[in-house]
Protein chains: 2
Amino acid sequence: MDPLDSPSSRPNARLTTRASPQGIAADLVAVLVAVTSGEPRVLTIQDQRALPSGPFELAHRSLQSGLRAWVERQTRLPLGYVEQLYTFADRDRAGTAAQHAISISYLGLTREQPAFGEHEARWRGWYDYFPWEDHRVGPPPLMEQTLRPGLKAWISVAPDRAAQRARRQRAEILFGLDEHSWNEELVLQRYELLYEARLIPEATRGNAPTPISANAVLLDTLGHPMILDHRRILATGIARLRAKIKYHPVVFELMPDTFTLLQLQRCVEALAGRQVHKPNFRRLIEQQELVEETGETSQDTGGRPAKLFRFRRTVFAERAIAGTKLPISGA
Amino acid sequence: MDPLDSPSSRPNARLTTRASPQGIAADLVAVLVAVTSGEPRVLTIQDQRALPSGPFELAHRSLQSGLRAWVERQTRLPLGYVEQLYTFADRDRAGTAAQHAISISYLGLTREQPAFGEHEARWRGWYDYFPWEDHRVGPPPLMEQTLRPGLKAWISVAPDRAAQRARRQRAEILFGLDEHSWNEELVLQRYELLYEARLIPEATRGNAPTPISANAVLLDTLGHPMILDHRRILATGIARLRAKIKYHPVVFELMPDTFTLLQLQRCVEALAGRQVHKPNFRRLIEQQELVEETGETSQDTGGRPAKLFRFRRTVFAERAIAGTKLPISGA
DNA sequence: AGACTTATACTCGATTACAGTATAACATGT
DNA sequence: ACATGTTATACTGTAATCGAGTATAAGTCT
């Protein structure tokens, strides 16, 4: 029976703007991203099993400024870019502890920072949580060894032939199997599928006692789990960022003041989880006049010294509105 | 002074996931869209000055299902597509009544429906609220007559030369002035600018006694106002929908079961607020195999009878994932 | 000096975007 | 019956862009 029809839902709810009488708690959850030495990292707490979060204060002027406030106070990180991700309230996902809570999640970009030990906050590579998302050196072996058998099992236990075909098609598109090409933006959809298929630990927590393929070894290799639905929120953040860097100059928020074009490229590759074509990347960056030469060169390249560039903050205003283009070859 | 540093904000907020002790109210606000006889319409209440909204029920399984539940119960509209827009809590914007409320806004698409009088819910063309957004027959005269003088005044009262140039550039890009081309997706940014410039009534409500250009006649022509920040939410919905139809087959949620290609085109044009190139539109629709012929024709075209088409729901699954393309030419 | 690594510049082909034009099949008016 | 207007449908051409490949320059390392 649909829980929406349960007697506890008020039958005389009106189309008015009157606020709900009973209060609920609202938490701000942050996906803070930095790219350190070519690896995308995310700030975690609680033994790397949770994203930093804090209560929404009524004193805050807005949600975004509220988030900015406590993040900068707690971590001393300068937040270059902040964007709201999604608001969650699924009881299914939240476990038992936070049933009456709403989670408003945010994506925040910051520069490389000194380690900050307070509150046991630590940076961790985001591919530790999503090992199947890193295709920079081709599809990871995990996909053939672990993912494909797991998906195959999930497909085979579908109720009927039509459902099996639907599951197979969905899995093939999302994970780029067979003739389908890998689409790096479908991070959230892939996580949702693995959740549905009970292939990740979070899905078998609480309400589902016997998963379809309760293979402990299999589950262990599919990335580090997190509390509540934090891994889902992280997936949302990665997906949003991967989509955003293609038409918005937010990558520069993650870069140091001066950088070489290859460093910039490596940063984009780290985020996108795939390689980009070097000549085309350089062409697009330069022809859009997003960067300017500093006149100096970097000699710790191992080869020919590379020109150092600096982001042209003057064009940020227009580009932020009008958009940018980054070449991340898809198919 | 920044309100974030006010003494009422808790200085010892921690990086934990503990919920906030005091509760706050959460409202669901819906932007319900239908396209009736070539006009995009939105469902309104309270004498067309508010969007339908309702309290978030703890009994609901999730936010989205909560919204679906009360919308379908109250309006009897079949919601084809539902998507979360944004969560607002700005005290500045919310006026005085709803300071402690969070608004979680959703976009919902529905088919043409019989008029539904209950709760004084009425459909209204969304260009009544954003007259400057309709460029289907070229830039509306309102732009030259009202908008440009208003923007000019706003630019001229900037503190210094640099700020003036920044304002001018921003206005030119957003409103497609001079050499800049019109970008139909920047609905929210345009509204934000007009709000900043105090050119719309909501901006001068409450905290701002004397607006820069308190020209009542000018203000009156810049669209129908709404309560609280509902017009901003509507702008968010329009912007999201305009962006979405380009790569996601959601238009069909707004169409009747069978339709001609021109009807489909008119629907897209109504949403995008601009004309599209007919041959290219047809080519893209057909080559993507999104539709199939019903075999019948429609003869109330005035000219040659048009083939009737039907959306191929079978490809929806893959297209919803892999994406689609609609040609909306942006210079 | 030679091998190697990286930076930088240039070229080429395929695809796509965008615009224009031509013809077909109806309605309406005279 | 015929001209005219309107819409549907099909086809063609051009410019821009994307993706991939190649060549050369300028350093480091052994």
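List of remarks:
- Projected label distance in nm at B:Glu286 and A:Gln169, using a 7 Å step from Cα toward the beta-carbon: 2.3
- For segment B:98-198, the carbon plus sulfur part of the accessible surface works out to 49%, probe radius 1.4 Å.
- Beyond 20 Å in Cα-Cα separation lie the following of the pairs A:Lys246/B:Lys325; A:Lys325/B:Lys152; A:Lys244/A:Lys307: A:Lys325/B:Lys152; A:Lys244/A:Lys307.
- Residues of segment B:31-58 whose accessible area, computed with a 1.4 Å probe over protein heavy atoms, drops by at least 40 Å² once all protein chains are present relative to their chain alone are B:Ser53, B:Pro55, B:Phe56, B:Glu57, B:Leu58.
- Position A:Arg312, label points 7 Å along Cα→Cβ, spacing to each other copy in nm (shortest first, one decimal): 4.5
- Interface size, chains B and A: roughly 6000 Å² of accessible area buried, both sides included, 1.4 Å probe, rounded to the nearest 100.
- Derived scalar couplings ³J(HN,Hα) [segment B:145-152; Karplus, 6.51 cos²θ - 1.76 cosθ + 1.60; whole Hz; x for Gly, Pro]: 6, 10, 5, 4, x, x, 5, 4
- Two-site label geometry, B:Glu179 and A:Lys152: point separation in nm, points 7 Å out along Cα→Cβ: 6.0
- Residues A:Thr221, A:Thr294, ordered by accessible area of protein heavy atoms at a 1.4 angstrom probe radius and largest first, appear as A:Thr221, A:Thr294.
- Cut-off under 5 Å, modelled amide H: who pairs with B:Gly323 long-range: none
- Placing a label point 7 Å from the Cα of A:Glu293 along the Cα-to-Cβ line, the residues of segment A:255-283 whose backbone N sits under 20 Å from it are A:257-265, A:279-283.
- Distance between modelled label sites at B:Ala243 and A:Thr258, nm, 7 Å Cα→Cβ extension: 3.5
- Residue-wise HN-Hα couplings along segment B:168-175, as the Karplus relation 6.51 cos²θ - 1.76 cosθ + 1.60 with θ = phi - 60° gives them from phi, are 5, 4, 4, 5, 5, 5, 5, 9 Hz; Gly and Pro carry x.
- Accessible area of segment A:247-322 belonging to carbon and sulfur atoms, whole % at 1.4 Å probe: 44
- Solvent-accessible area per residue for segment A:136-189 (1.4 angstrom probe, square angstrom): 56
- If a spin label sat at a point 7 angstrom from the Cα of A:Thr314 along the line to its beta carbon, the backbone N atoms of segment A:253-296 nearer than 20 Å would be those of A:253, A:257-259, A:285-296.
- Accessible area per residue for segment A:247-322, computed on protein heavy atoms with a 1.4 Å probe, is 54 Å².
- Summary for A:Arg49: label point 7 Å along Cα→Cβ; distances to the equivalent points in the other copies, ascending, 5.3 nm.
- Sparse packing (at most 16 other Cβ atoms within 10 Å of the Cβ) combined with a DSSP loop state is found for the following trypsin sites (Lys or Arg not before Pro) in segment A:147-208: A:Arg205.
- Amide H within-cut-off set for A:Val291, under 5 Å, with H built and near neighbours excluded: A:Arg312
- Residues whose amide H comes within less than 5 Å of that of B:Gln48, counting only those at least five positions distant or on another chain, are absent (H built at 1.01 Å from N in the peptide plane).
- What separates the B:Glu172 label point from its copies, with the point 7 Å along Cα to Cβ, is 5.2 nm, written shortest first.
The values are calculated or read from the model by the stated rules, or taken from the named source; none is laboratory data. None of these values were measured; they are calculated from a predicted model. Positions of Cβ are backbone-derived with ideal geometry, glycine not excepted, and every protein chain shown enters the neighbour counts. Side chains are part of the model used for accessible areas, which takes the heavy atoms of the whole protein and leaves out ligands, DNA and RNA. Shrake-Rupley method; radii C 1.70, N 1.55, O 1.52, S 1.80 Å.
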